[in-house]
1. Put a dot 7 Å past each Cα toward the Cβ at Phe135 and Val278; how far apart are the dots in nm?
2. Multiply the residue gap between Lys305 and Lys163 by 0.36 nm, knock off their C-alpha separation, and tell me the result in nm, one decimal place.
3. Report the net charge of residues surrounding Ile249, where surrounding means a beta-carbon distance below 11 angstrom and charges are Lys +1, Arg +1, Asp -1, Glu -1.
4. Summing +1 for each Lys or Arg and -1 for each Asp or Glu, what net charge is found among the other residues whose Cβ lies under 14 Å from the Cβ of Ile126?
5. Could you give the nm distance between label points at Ile371 and Glu351, where each point is 7 Å from its Cα heading toward the beta carbon?
6. Collect residues whose amide H, placed 1.01 Å from N in the peptide plane, falls under 5 Å from the amide H of Tyr289; neighbours closer than 5 in sequence don't count.
7. How big is D, in µm² s⁻¹, for the range 279-359 by Stokes-Einstein at 10 °C and 1.306 mPa s if Rh is the Kirkwood radius over C-alpha pairs?
8. With a point put 7 Å past each Cα toward its Cβ, work out how far Phe107 is from Ile62 in nm, to one decimal.
Amino acid sequence: MMLLSIHQFLEKILKDLILVDVAIGIIIFVGSILFGKILNFGFKSILKPIFKRTKTTLDDKILELLIKFDNRVFSVLGLYLGSSYFNARIKSEEGLKNLISIGTYNFLVGFFDLVYHLLFIAAVIIGIYISSKLFNLILDYYVEKKNLEKARGSLHDFVPLLKNVFLIIISIIGLLIVLNRFNINVSGIIATLGVGSLAIALAAQETLANMIAGFVILIDRPFREGDRIKLPSGEVGDVFEIGMRSTKILDFDNNLIIVPNTDLVKSKIQNMTYPDYVSRVFVDVEVAYNTNIDLAKKILTDIAKSHPLTLQEFEPAVFVTNFTQNGVSLRLVCRTADYRNVYQMQSDFREDILKRFAENKIEIPYLQVIIRNPQS
């Protein structure tokens with residue numbers, strides 16, 4: 001309704017249909033740019049100060065992206081809408097054919113058709129570019145938030161891989177939109193892409209499963225590089241690298257255990273370093289039945305308390321865990337600040353136990369087998 005009123009007003013002034021349509025096209029273009037400028041001003045003067053006060057930086061980065069491309073988007077949009085209006089008016093205005101020659105008329109129709117389609121393609125390309133930038137911003141923010149930018153090896157490759165996959169997907173969608181705009185049947189292309197994707201998925205089923213499992217590990221974070229974990233097989237080691245296909249674990253013999261990611265996702269993994277590095281240290285020892293248990297427990301407790309790596313805020317304790325055919329089973333339990341201290345502390349405890357038990361004449365029983373020869 002507004003365009004019709006403007007058209008009637010300009011027609012009274014200009015007295016020329018072509019000039020009227022050109023003027024309205026220019027008004028649409030200029031109006032789009034002005035609207036973009038107003039929107040840009042609103043982003044900078046209103047939203048930017050608000051986003052600065054939020055805890056997250058993601059909203060600031062998204063706003064900066066919108067401000068950066070605001071003028072370009074509305075310039076292309078204004079050209080697209082203006083040329084679209086002018087193109088539609090040329091084709092619908094019958095009186096225009098009487099004012100200009102057929103050749104000029106056909107040239108104008110063809111030219112503005114070309115401009116109209118080129119601007120549509122430009123709008124699709126800009127949409128793809130902005131969508132890709134927005135996805136990259138969100139992904140980079142997540143990587144920064146989860147502290148993954150220093151990840152070793154293939155885990156770090158997940159980020160550019162995801163960026164490229166997303167760019168390919170939206171580029172294909174954009175291409176299909178453009179082809180459909182030119183009335184090109186895309187159903188055959190979609191069917192071909194579907195069959196091709198299915199063939200690739202079947203051929204690389206195991207590889208894709210491991211990659212998806214690796215991505216799940218990246219998102220869920222059941223363990224991180226450097227964590228000490230225990231596998232269902234009983235093997236213990238430090239996570240050396242989380243890759244796209246497999247995870248590498250460094251055992252105590254300095255060998256790499258390579259485990260497919262799907263196995264890790266489906267298995268119950270014990271993470272010895274989560275939620276913190278504080279770990280339990282325990283040593284089992286047996287004493288003879290005639291031993292003074294209170295004295296043995298005191299010696300074990302003193303050994304743990306005197307060790308420099310023992311966390312003093314966790315009181316060491318000794319428990320009677322079993323009665324065996326050899327003697328009484330005792331377990332010394334304490335805690336240390338770093339899981340990497342456990343094995344050294346256990347070794348130190350055993351050495352001290354041997355010395356202190358010998359000094360206090362506490363017997364560590366061992367299995368004795370007496371063989372009698374009836375003929376002797």
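FYI, it's all coordinate maths here, none of it is from the lab. What you see is a predicted model, and the numbers here were worked out from it, not measured in a lab. Every residue, glycine as well, gets a Cβ built from its backbone with ideal geometry; the counts of neighbours run over all protein chains shown.
1. 4.4
2. Details: separation 142, 0.36 × 142 = 51.12 nm, distance 5.34 nm.
Length gained, Lys305 through Lys163: 45.8 nm.
3. Once all neighbours under 11 Å are counted, the net charge is -3.
4. Details: positive: Lys68, Arg72, Lys133; negative: Asp70.
So the environment of Ile126 carries a net charge of +2.
5. A separation of 3.7 nm, rounded to one decimal place.
6. Residues meeting the criterion, in which the H sits 1.01 Å from N, are Val328.
7. Numbers: Rh = 12.8 Å.
The diffusion coefficient I find is 124 µm²/s.
8. Once both label points are built, they end up 4.9 nm from each other.
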